[in-house]
1. Projected onto the charge dipole of the range A:1-112 (+1 at Lys/Arg Cβ, -1 at Asp/Glu Cβ, origin at the Cα centre), which of A:Tyr82, A:Ser55, A:Leu35 gives the Cα projection farthest towards the positive end?
2. Between B:Thr56 and B:His155, what is the FRET efficiency for a Förster distance of 22 Å, r being their Cβ-Cβ separation, to the nearest 0.05?
3. Would you please put A:115-124, A:78-87 in order of how densely packed they are, using the mean number of other Cβ atoms within 10 angstrom per residue and starting with the highest?
4. With a cap of 16 neighbouring Cβ atoms within 10 Å, and only residues DSSP puts in a loop, list the GluC sites (Glu not before Pro) found in the range B:45-135.
5. Need one number: nm distance between label points at B:Glu44 and A:Glu10, each 7 Å from Cα along Cα→Cβ, rounded to one decimal.
6. Taking the solvent-accessible surface of protein heavy atoms with a 1.4 Å probe, what is the per residue accessible area of the range A:1-144 in Å²?
7. Within 10 Å of each Cβ of B:25-35, how many other protein chain Cβ atoms are there on average?
8. Quick one: if you stick a label point 7 Å off each Cα along the C-beta vector at A:Arg217 and A:Ala164, how many nm between them?
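The values are calculated or read from the model by the stated rules, or taken from the named source; none is laboratory data. Model, not experiment: these values are computed from the prediction. As a convention, Cβ positions derive from the backbone with ideal geometry for all residues, glycine included, and neighbour counts pool all protein chains shown. All accessible areas refer to the heavy atoms of the entire protein, side chains included, with ligands and DNA or RNA removed. Shrake-Rupley method; radii C 1.70, N 1.55, O 1.52, S 1.80 Å.
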Amino acid sequence: MAGVKWVVAEVVGIRDETATARTLLLRIPRWTGHLAGQHIDVRLTAADGYQAARSYSLSSAGDDEFAAISVERMPDGEVSPYLVDGVVVGTQLEVLGPLGGWFVWRPTQAEPIRMIGGGSGIAPLVSILRTHLHSGSDAPVQLLYSVRSPEFVYFKDELAELTAAARADVSIRYTRSAPEGWSGPVGRLSAADVQAWAARTPASSLPASSYICGPTRFVELMADALVAGGTDPLTVRTERFGGA
Amino acid sequence: MGIVTPGFVGKRRDADPRLPPGQYETKDFPVLSVGPTPNIHAGEWQFSITTEHGETRRWSWEEFRALPVEDVHTDIHCVTRWSKFGTLWRGVSLDTLFEGLQTDAGYVMEHAYGGYTTNVPLAELRGGKAWLVFEYDGEPLDPEHGGPVRLLVPHLYFWKSAKWVTGLTLHTTEELGFWEVNGYHAHGDPWKEQRYYYDS
Ligand SMILES: Cc1cc2nc3c(=O)[nH]c(=O)nc-3n(C[C@H](O)[C@H](O)[C@H](O)COP(=O)(O)OP(=O)(O)OC[C@H]3O[C@@H](n4cnc5c(N)ncnc54)[C@H](O)[C@@H]3O)c2cc1C
């Protein structure tokens, strides 16, 4: 990775995830893939030279040809509204990466995987799911995904397919409103909910690794709940996206 | 300057001389941590400095709080690109803690609760440049931000200001800490944009 520099990437595909979020597929020169969980920095330059840069987790599988980022539009944000509304296929963006060596999952990890995502925090977790699938790993994997309501679910079909194929134990928690006919609970996850979910992890000789990602406040609450439920803090990796 | 991004204007138009390259100003106080936030009671907190000869100095919370305090008014810069201006801290200068200590070491490893470490040259912690802080903005330091006590080394990227710090060990050779092994720069000067380990 030595010598990583800002390079010019080209947007080669765009997919709407929700009304407020999009996935951008990027062709990055000399890209040799990434570890699941890593991020890139994206830099925008105005005509007068003014620049703004932000970090975005990669949602692609580590061995995908194109890198993918999945961005939620923040009201009044500087960079995310441009990425969600301003970019078209063919737009060039400067990127740096892949970055980060701790919030990562490697296919050599055999222990059970627990993942909790809030909102756009699903992005690196989907990278882990995809990389897990591509590698044929048989590490048990469970995902708890907190979203406001059904129309805010990213990667909807893909998550349903993984569930149907029994590749992953996916639970979605709707915090405001659930789809019609939903029989599960609705509302923010409590510590007890998280602990009950964690208790579902299949027995293994290896302690599970936990990955928690999303807005800072959400990550704090989820990590506290796991630790209060007896999970060793050193097995919990977190990525805080910011916000309140 | 990089390639122009068509249609991008940006919002923070005024170049502020307090802003290092590649940073933007935030009024919030974002949190950068790689794991859960530990909950450490001040009463159980301890701090130690161990020299390269194995000589150790220790402070309990009460001993630490009996030391002279300073107020620090400073800008801080996080590697994740936010900077916050004019933050207010209260703590003990590391010069006070190092006073009279016999050492020829050039390097320091900062140790934090949970086993996290970050490395820094000793010269960066001496001469009125670093503090052990226990108050932020007039309030006890929040666990999220490293309370009860964190290091404050504001002239370097903020991960060098170890949260939940428990001790320093002094070394004659440079070793990399947890953050640096995981991709961050050994030195971390925001004005030179030393973010990642391959930045010169
Ligand atoms: C390692 C890392 C990975 C990230 N990955 C992603 C990703 O995959 N997808 C993604 O959409 N974002 C991700 N983010 C957040 C992203 O970097 C930006 O912070 C976000 O897009 C807002 O930037 P902006 O310029 O639009 O808003 P800004 O102009 O910087 O800020 C606008 C307002 O939005 C608030 N805000 C910023 N982030 C959030 C948040 N997550 N929730 C609520 N409020 C917030 C700020 O506090 C501020 O008040 C990641 C952040 C980090 C540190």
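1. Checked the options; the winner is A:Leu35.
2. Details: r = 27 Å, r/R0 = 1.24.
Calculated transfer efficiency: 0.20.
3. Numbers: A:115-124: 27.5, A:78-87: 19.3.
So the peptides A:115-124, A:78-87, ranked by packing, come out A:115-124, A:78-87.
4. Values: sites: B:Glu52, B:Glu55, B:Glu62, B:Glu63, B:Glu70, B:Glu99, B:Glu110, B:Glu124, B:Glu135; in loops: B:Glu52, B:Glu55, B:Glu99.
Hits after loop and neighbour filter: B:Glu52, B:Glu55, B:Glu99.
5. 5.7
6. Numbers: 5100 Å² over 144 residues.
That works out to 35 Å² for each residue.
7. On the way: counts 0, 1, 0, 4, 1, 6, 7, 5, 7, 9, 12.
What the average comes to for B:25-35 is 5.
8. Computed distance between label sites A:Arg217 and A:Ala164 equals 3.7 nm.
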